[in-house]
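So the structure is just underneath, and the comments pick up after that.
Bear in mind these aren't lab numbers, they're just calculated from the coordinates by the rules spelled out. No experiment lies behind these values; they were computed from the predicted model shown. Glycine also receives a Cβ, built like all others from the backbone with ideal geometry; neighbour counts cover every protein chain displayed.
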Amino acid sequence: MFRVNQIPIQDTFAEAFPMTAARVVVTALEPCWAQAAAQAATGFASSVIGCDCEAGIERLLTPDETPDGRPGVALLFFAFSREALQKALLARIGQCILTCPTTACYNGLEAAAERCVPVGGLLRYFGDGWQISKCLAGRRLWRIPVMDGEFLCEESFGTVKGVAGGNFLLLGREVGCTLEAARAAYEAIAPLPGVLSPFPAGIVRSGSKVGSRYPKLKASTNQAYCPTLRPLVASQLPPEVGCVYEIVLDGLDQAAVEAGMRAGIRAACRPGVVQITAGNYGGKLGPIHLHLHALLREYADAPL
Amino acid sequence: MPTLHYDSAAAGMIPLEADCLTPDLLLGKSIHEIARLPVWHGKQSACLGDFFRIEAAPVEEVHLRGDLSRVKGIGQRMSQGRLLVYGSVGMHAGAEMSGGQLHIFGDAADWLGAEMRGGRIWVHGNAGDLAGAAYRGARRGMVGGEILIDGNAGQETGITMRRGLIAVGGQLGDFSGGGLIAGTILAFAEAGRRLGAGMKRGTLALFHSTPPLLPSFADAGLFVPLFLELYLRYLRQLGFAPARIGCRPMRRWCGDRLSLGKGEILTPAN
């Protein structure tokens, strides 16, 4: 049995898929305003099953790391297409960052012109003719007059082909210890660059499968991992499992997602966890297969 | 080192028009080919080799040495490469250039970077009048690129400029930014009078002091122009020493209200 820190790891894979990604850098006069804008802009963005995009805070930025020398936050956004991403960015930056005191908004990803989406270039119309354009070193910025001065926003934001849907499932004895393991996993993933867990506090309790018996639903509960349905369905849960939490990861590239999964799983291997596995749909959902054993080979316990 | 040494004694007091002194025309040519490039010595046509001693054929960048203050058109219409001049240059240096870098380790005469479209000119001394300006009769001056002047800039700097950046470490002459259509002029020392007369849009940022402004500019109060921090950081990264100041609250003057009035002059808060 393949084990990490005594916890069995199932020989399976997470089924990830490509998504278009963007990084937005938000700055403000004080960290609290940047974080308030960041939290609002990345709210209601847990899953594209029901949201316009998946998003989250990548990390906090020190003044040395931001374009204008103020404290900031790096945000990641993921959507199925460049058009969908642009729509989400426009709405979220326009409603949540533009509106927040003292903020400014910059592109965080260099990309070729054809891979950029206009954001500031459209938000500028909020300026109603009083907006001012500035070009510096090939980058165009828009100064939009607002009631505390100006909102500064970059004309366009670069996009890359990211990877979404990286995941692993923690099968634990009961809620307390499983939640503790899930939190440890999230805390191990959070500081890593280029990857995030878009769900609340990075943890999912409602793992889903594709489709439903109700035709209008595109996703529904994954009954095979619901402990209370064990006698009624083809359960995937060992008898001692009483709780399952899932960690979902989106990243700017496959390497970032793999690094996140590796760090998260290693942190989650602690007492109370019965087994760690991953969600897949037999290879039908996504072309990127992240095999748990391959990811964790160098951390595997020595055979007994 | 691939250097062209200018023999000012050979030219005497008569100006030399040498718009062939650009990386576009010099790079990749042999010493013999370079020497045969045409120049104008007053009304007489001549060859570059009549006035320059060519040390070696330039491969990556071009170096010029000597007192070139009577040589006009150095770097004119250049679009690529690096041209380094160790000495002062005459009129029209870098005029209409669209790319590349022109470094002048000396002073530059009038019409520096006039109607330039791109690239960077960096004068490590003083510049004459009309840097980045439009030629008489033209509708717009520089439409892109950067002009950095460590020392003073003369009168009518950036007049009818449409886009781009002019940064002046020393004094800025009268009537600078006149008729500005857009673009940014940064002045880090004293500035002259009648700045921005007739400007439509664009920014004149004065970091040192507030000169008497035209009455057609209206006080719009204090604010922190965040975008200037990006400019200052960019200039600091390039090594432009005067930009080693922090962004701070500035007073915004809107004008020129005799024109479109959407331009601004930013002055120190106190």
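The table below lists the values:
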read-out	value
Cα centroid of the stretch B:168-246 to Cα centroid of the stretch A:146-221, whole Å	46
Nonlocal amide H pairs with residue A:19, under 5 Å, H built at 1.01 Å	A:162, A:163, A:164
Within the stretch A:213-304, chymotrypsin sites (Phe, Trp or Tyr not before Pro) in DSSP loop having at most 15 other beta-carbon neighbours inside 10 Å	A:281
Length-normalised contact order for the stretch A:19-160 - Cα pairs under 8 Å, 6+ apart - percent	28
From phi via Karplus (6.51, -1.76, 1.60), per-residue ³J(HN,Hα) for the stretch A:272-284 in Hz, x at Gly/Pro	x, 8, 8, 6, 10, 9, 9, x, 8, 10, x, x, 8
C-alpha center-to-center spacing [the stretch A:234-304, the stretch B:109-163] in angstrom	61
Of A:161/B:200; A:134/A:161; A:87/A:134; A:161/B:262; A:161/A:218, those spanning more than 31 Å from alpha-carbon to alpha-carbon	A:161/B:200; A:161/B:262
For chain A: relative contact order, % (alpha-carbon pairs under 8 angstrom, 6 or more apart)	27
Centroid-to-centroid separation of the stretch A:21-35 and the stretch B:11-36 [C-alpha atoms, Å]	52
Per-residue mean of C-beta atoms belonging to partner chains within 10 Å, peptide B:219-228	4
Aspartates and glutamates with Cα under 14 Å of residue B:29, excluding same-chain neighbours fewer than 8 positions away	B:55, B:60, B:61
Sparse-neighbourhood loop sites, trypsin sites (Lys or Arg not before Pro) in the stretch A:224-304 - DSSP loop, at most 11 other Cβ within 10 angstrom	A:284
Gain on full stretching of the segment that runs from residue A:130 to residue A:5 - 0.36 nm per residue minus C-alpha separation	38.9 nm
Simple label model, 7 Å out from Cα along Cβ direction - residue A:140 to residue A:253, nm	2.9
Average Cα contact separation per residue, the stretch B:18-131, under 8 Å, 6 or more apart, as relative contact order %	21
Neighbouring partner chain Cβ atoms per residue of A:60-68, average, 10 Å criterion	2
CD proxy at 222 nm, helix term only [per DSSP H run n ≥ 4: -39500 (n - 2.57); per residue of the protein assembly as shown; nearest 500]	-4000 deg cm²/dmol
Hz values of 3J(HN,Hα) by residue in the stretch A:88-105 - Karplus curve (6.51, -1.76, 1.60), Gly and Pro given as x	5, 4, 4, 5, 6, 5, x, 8, 10, 9, 3, 7, 8, x, 6, 7, 9, 9
Loop-located trypsin sites (Lys or Arg not before Pro) in the stretch A:153-220 whose Cβ has at most 16 other Cβ within 10 Å (DSSP)	A:173, A:205, A:213, A:216, A:218
Within straight-line cross-link reach of residue A:216, aspartates and glutamates at Cα separation under 19 Å, skipping those fewer than 8 residues along the same chain	A:52
Net length gained if the chain between residue A:65 and residue A:220 were fully extended (0.36 nm per residue, minus Cα distance)	51.6 nm
